[in-house]
Amino acid sequence: MEKNYKVDVIYKDEKIYLKFDFETDEEYMIDFASEDQTTIRNIFYKLVELCYKHKPILVLSEKTDDFPGCDLHREIAEDYIVDLNKEIELIYFDIKEND
């Protein structure tokens with residue numbers, strides 16, 4: 001079973017983020033300018049947790065915001081999401097094989 005989760009490039013507090021909507025109260029956002037890996041690790045843990053329930057698929061939402069650098073950040077986000085979806089698929093099938 002698959003489930004899509006929306007990902008968006010947003011501009012907030014003068015920073016550009018990649019926001020993941022996992023349909024929870026907790027916010028999952030990666031600051032494009034930050035070197036802190038904590039948020040990325042938390043997002044990855046959440047994705048692994050979801051893999052036990054269903055196969056999560058990340059989908060970049062349509063461009064809605066116009067702000068400086070949006071196009072470049074969206075290109076980066078597109079590539080990142082493609083790679084992340086590949087990793088998620090490997091993890092999901094590994095979990096299912098060993099379940």
Pairs under 7 Å by beta carbon, first residue in contact (Cβ under 8 Å) with a residue 12 or more places away in the chain and among the β-branched types (Val, Ile, Thr) in segment 10-36, partner surrounded by 13 or more Cβ atoms within 10 Å (Cβ to Cβ) and assigned to a strand (DSSP E or B), six or more apart or different chains? 10/17; 10/19; 16/9; 30/17; 30/18
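Can you list the strands (runs of 3 or more DSSP E) lying wholly within segment 1-93 that have 1 or more residues being over 13 Å from the mean Cα position of the chain (by Cα)? Let's see the steps before the verdict.
Numbers: elements: 2-12, 15-20, 28-31, 55-60.
In segment 1-93, 2-12, 15-20, 55-60 are the strands (runs of 3 or more DSSP E) which contain 1 or more residues that are over 13 Å from the mean Cα position of the chain (by Cα).
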Considering only residues of segment 53-99 that are of a type in the set (S, T, N, Q) and at pLDDT below 95, which is surrounded by the fewest Cβ atoms within 10 Å (Cβ to Cβ)? 98
Condition set in contact (Cβ under 8 Å) with a residue 24 or more places away in the chain and not aliphatic (A, V, I, L, M), scope segment 37-52, selection farthest from residue 82 (Cα to Cα): answer is 52
When segment 25-35 is checked residue by residue, the ones that are at pLDDT 90 or above and either of a type outside the set (A, V, I, L, M) or more than 18 Å from residue 83 (Cβ to Cβ) (or both) are 27, 28, 29, 31, 32, 33, 34, 35
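The values are calculated or read from the model by the stated rules, or taken from the named source; none is laboratory data. The structure presented is a predicted model; accordingly, all values stated were derived computationally and were not measured. Note that each Cβ is placed from the backbone with ideal geometry, even for glycine, and that neighbours are counted across all protein chains shown.
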